[in-house]
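Asker: The following block contains the structure, expressed as structure tokens.
Every read-out reported here was derived from the displayed coordinates using simple, explicitly stated rules and does not represent laboratory data. Everything quoted here is computed from the prediction, not taken from an experiment. Quick reminder, even Gly has a Cβ in these numbers, built from the backbone with ideal geometry, and neighbours come from all protein chains shown.
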Amino acid sequence: MTVRFRITALASIAALLVASCGGGGGGDSGGGGSGTPVTPPPAVVPASVFTAPAQEALTSAEVGTIIAQAASEAKARGLPSVIAVVDRVGNVLGIFTMTGARPRAQAEPGPGGNFDVQAVDFPSALGAIAKAITSAYLSSAGNAFTTRTASMIIQPHFPPAPTTVGLESGPLFGVQFSSLPCSDLAARYTANPAQPGAFIGPKRSPLGLSADPGSTPLYKNGVVVGGIGVMGDGVYGDDKNVLDVDDSDEEYIALAGSTGFEAPEEIRANRITIDGTLLRFLDASRDRLKANPAGATFAAVAGTLGNLTSVRGYYAQGTAPTLLSGNAYGTPGSGVRRASLAEFNNPDAFILVDGANNPRYPPRGGTDGGEIAQPLTAAETRAVLEEAFLIMSRARGQIRQPLDSRAQVSISVVDTRGAILGLVRGPDAPIFGTDVSLQKARTATFMSGPYAATELVQNPIADVRDRVAAVRTFLNDPAALTGKVAFSDRAGGNLARPYFPDGEVGRPNGPLSRPIGQFSPFSTGLQSALIVTNIAEHIFFVQGSGAGGGAAEVNDTAQRCTRMGDTSGVNRLANGLQIFPGSVPIYRGSTLIGGIGISGDGIDQDDMISFLGLANAGKRLGTIGHADPATRSDRVVVKLEDGKEVRLRYVSCPFAPFIGSAEQNVCQGI
């Protein structure tokens with residue numbers, strides 16, 4: 001069977017392969033700072049305020065038990081399935097294909113024709129892996145989310161239901177196009193498990209993050225250690241109505257697999273609210289399991305119900321498949337560990353490391369000296385990261401239990417080329433935010449730069465090129481996307497919704513979005529059009545076939561998302577574009593020099609940490625800061641067809657955001 005793609009203005013697969021806050025007044029850091037870069041005095045080492053999660057990991061025997069429990073339930077339900085188990089940083093520990101399981105699955109078709117990833121078919125194992133990774137990546141010791149939770153928070157209305165039409169989009173609208181197979185941040189599978197760094201993460205996901213119910217995170221002693229994903233019915237979809245209770249066999253199979261490794265009840269999604277709405281965890285319940293998971297053993301199902309199977313680029317490539325043990329998050333072997341004070345001036349900081357235990361992204365200066373007179377210095381990068389980390393440490397988390405837990409996020413800083421200048425994480429920040437924080441930093445910088453229009457119109461995909469004219473018409477500004485406006489991710493997201501203003505049914509789509517008649521989580525607009533070629537290439541690679549489905553071997557997609565780039569080969573969006581809030585551009589005076597992105601908690605918390613982190617770094621150094629308020633996106637007014645005028649937004653900061661403080665309006669006047 002061939003993989004089917006349909007992309008605007010591409011005729012065939014062969015062609016495919018060729019403000020609510022911060023808007024007023026200039027505070028101490030308003031206007032960006034204009035002094036000569038300086039080396040700031042060493043900051044005082046803050047006191048530790050977090051407890052890092054215990055270093056727990058799945059053993060190979062436990063992986064076998066999880067698979068056996070799931071396979072037994074699948075047999076009882078008459079749905080032979082592909083079952084995947086991963087560790088917290090995305091290493092695949094086992095892929096079990098049951099006899100009779102559907103070899104392929106298909107993303108839901110589009111409502112008005114198939115665009116981007118709509119109706120794409122792929123090996124079922126990729127869906128199972130993506131589901132398992134999603135539950136593992138979205139969860140922590142403070143929150144347990146599933147792919148059903150993911151589905152709830154990416155829809156064009158939140159909460160998604162027939163009765164909520166007219167409400168704004170989900171808080172993580174667009175997160176599904178992260179941890180992509182082309183991401184330059186995400187680590188890739190190493191066929192030799194003895195090679196140093198073979199198990200470092202975060203690993204990529206073959207389809208990005210998933211919204212298809214049929215997955216759950218896995219826990220040991222209250223610590224997230226991975227996820228299980230099930231692909232059995234051949235339909236890779238989402239849950240568009242949270243008011244009913246689905247009878248999902250895939251979800252029951254995943255639930256059975258998680259027996260003995262369940263998330264603590266008090267941190268499950270159904271105990272967590274966003275804007276007063278409880279999230280969903282699972283529609284499946286243990287009292288309706290059809291098989292008794294107790295006593296299920298891998299020895300009893302292996303060779304009887306199915307077998308372990310290799311998956312190119314993910315598991316047992318070129319070797320006989322065996323069950324693997326996970327790597328404990330927080331150890332160097334996982335690719336994420338605590339930073340020393342010499343590496344980062346905060347005892348709670350965690351960083352990414354390579355196979356030799358060296359920091360992957362230590363603070364450094366900008367690489368864009370050829371285009372900018374005074375790029376970010378290493379000292380400035382470090383100051384932005386440190387100040388943002390301090391804001392995170394004070395902030396009250398939105399998605400973590402118990403109430404009044406501190407927010408935990410990932411923080412990325414980039415230069416105007418999108419080069420990673422530094423990345424640091426809270427000790428228990430969800431893994432998904434690592435890649436997403438980088439996407440956000442790059443997106444805000446790209447949208448605010450003088451090169452955005454030029455590089456978009458050079459893209460080989462017409463659906464990407466045409467967005468420049470669409471934005472200029474929509475904003476009634478022939479110079480849009482040439483650096484005159486400072487865009488945050490919240491502002492870019494305003495333009496990337498299927499209704500503008502967000503959620504107002506009957507309004508046309510924003511210029512970066514597909515119209516609602518073509519929209520789905522598999523085709524959002526510019527975001528998905530930029531990376532669909534990468535996903536196609538990767539699927540062809542995994543299945544070992546060419547564009548037409550033949551036996552010709554093909555190379556994997558490059559570790560470089562999108563076909564963006566200037567004549568020197570710079571790719572400013574090398575892990576994709578993101579369209580939900582949590583980033584701002586960085587300026588020196590009136591010159592754009594980079595961006596900061598935050599991800600891992602509530603979107604208002606993400607906005608605040610980026611906004612105040614940069615503001616405080618500007619106060620500390622006097623050389624960098626925010627864009628002049630007069631140039632920020634919340635000064636852009638869009639005139640609607642009925643004469644109504646709507647401003648774009650810049651950032652939105654939460655009420656009473658700090659633990660132990662009643663302080664309000666913390667972003668006002670900056």
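Asker: Tell me, what is the FRET efficiency for residue 642 and residue 462 to the nearest 0.05, using R0 = 41 angstrom and their Cβ-Cβ distance as r?
Answerer: 0.85
Asker: Based on the alpha-carbon gyration tensor of the chain, what equivalent-ellipsoid semi-axes (square roots of 5 times the eigenvalues) come out, in whole Å, largest first?
Answerer: 37, 28, 24
Asker: Just need log10 I(q)/I(0) for the stretch 404-560 at q = 0.13, 0.16, 0.17, 0.20 Å⁻¹, Debye formula, equal scatterers on the alpha-carbon atoms, no solvent, rounded to two decimals.
Answerer: -0.77, -1.07, -1.15, -1.30
Asker: Right, something else. If I model a spin label at residue 286 and residue 317 as a point 7 Å from the Cα along the Cα→Cβ vector, what separation in nanometres do I get?
Answerer: Result: 3.9 nm between the two label points.
Asker: Could you give the distance between the Cα centres of the stretch 61-76 and the stretch 320-369, to the whole Å?
Answerer: 32 Å
Asker: Quick one: order 628, 212 by neighbouring beta-carbon count within 10 Å, fewest to most.
Answerer: Ordered from fewest to most neighbouring Cβ atoms within 10 Å, 628, 212 come out as 628, 212.
Asker: Work out the charge dipole of the stretch 60-325 with +1 on the Cβ of Lys and Arg and -1 on the Cβ of Asp and Glu about the Cα centre, then indicate which of 221, 174, 303 is farthest towards its positive end.
Answerer: 303
Asker: Percent relative contact order of the stretch 60-325, based on C-alpha pairs within less than 8 angstrom and at least six residues apart?
Answerer: Relative contact order, the stretch 60-325: 30 percent.
Asker: For residue 404 and residue 221, compute 0.36 nm times the residue count separating them, minus their Cα-Cα distance, and round to one decimal in nm.
Answerer: Contour length minus Cα-Cα distance gives 63.7 nm.
Asker: Right, here's the next one. Under 5 Å between amide H atoms, partner at least 5 residues away or on a different chain: which partners does residue 406 have, H built in plane at 1.01 Å?
Answerer: Result for residue 406 returns 397.
Asker: Mind sorting 75, 290, 484 by how few other Cβ atoms lie within 10 Å of their own Cβ, fewest first?
Answerer: Starting with the residue having the fewest Cβ neighbours, the order is 484, 290, 75.
Asker: Oh, and also: What ranking, highest mean first, results for peptides 438-449, 180-191, 390-401 when packing means the other Cβ atoms within 10 Å averaged over each residue?
Answerer: Result, highest mean first: 438-449, 390-401, 180-191.
Asker: Do any of 203/440; 220/440; 203/484 go past 30 Å between their Cα atoms, and which?
Answerer: 220/440; 203/484
Asker: Okay, next question. Kindly state, as a whole number, the per residue volume in cubic angstrom of the convex hull around the alpha carbon atoms of the stretch 453-543.
Answerer: Looking at the stretch 453-543, the number lands at 114 Å³ per residue.
Asker: At 7 Å along the Cα-to-beta-carbon direction for both residue 378 and residue 198, put a label point, then send me their distance in nm to one decimal.
Answerer: 3.4 nm
Asker: Let me ask something else about it. Straight distance only, please: which aspartates and glutamates reach the Cα of residue 619 with their own Cα at less than 16 Å, same-chain residues fewer than 8 apart left out?
Answerer: Reachable aspartates and glutamates: 28, 380, 386, 387, 628.
Asker: Let me ask you something else. If you average the alpha carbon positions of the stretch 97-175 and of the stretch 490-505, how far apart do those two centres end up, in angstrom?
Answerer: With the stretch 97-175 and the stretch 490-505 each reduced to a Cα centre, they are spaced 20 Å.
Asker: Further question on the same structure: At a Förster radius of 51 Å, what calculated FRET efficiency corresponds to the Cβ-Cβ distance of residue 341 and residue 245, to the nearest 0.05?
Answerer: With a Förster radius of 51 Å, E is 0.50.
Asker: Same structure, new question: Assigning unit charges at the beta carbon (Lys, Arg +1; Asp, Glu -1) and nothing else, what dipole magnitude in debye, to the nearest 20, does the chain show about its Cα centre?
Answerer: Dipole about the Cα centre, nearest 20: 680 debye.
Asker: Return the whole-Å distance between the Cα centroid of the stretch 574-599 and the Cα centroid of the stretch 639-668.
Answerer: Spelled out, the Cα-based centre of one part sits 18 Å from the other.
Asker: Can you tell me what share of the DSSP beta bridges in the stretch 157-278 is antiparallel? A percent to the nearest 5 is fine.
Answerer: Roughly 75 percent of the beta bridges in the stretch 157-278 run antiparallel, per DSSP.
Asker: With point charges of +1 on the Cβ of Lys and Arg and -1 on the Cβ of Asp and Glu, referenced to the Cα centre of the chain, which listed residue (625, 569, 515) lies farthest in the positive direction of the dipole?
Answerer: 569
Asker: Moving to a separate point now. On alpha carbon coordinates alone, what is the Rg over Rh value for the stretch 60-325, Rh being the Kirkwood radius?
Answerer: 0.95
Asker: How large is the translational diffusion coefficient of the stretch 361-422 in µm² per second when you combine the Kirkwood radius over alpha carbon pairs with Stokes-Einstein at 4 °C and 1.567 mPa s?
Answerer: 100 µm²/s
Asker: Go through 376-389, 217-230 and give me the packing order, highest mean Cβ count within 10 Å leading.
Answerer: So the peptides 376-389, 217-230, ranked by packing, come out 217-230, 376-389.
Asker: Over the residues of the stretch 85-209, compute the C-alpha Rg and express it relative to 2.2 N^0.38 Å.
Answerer: 1.18
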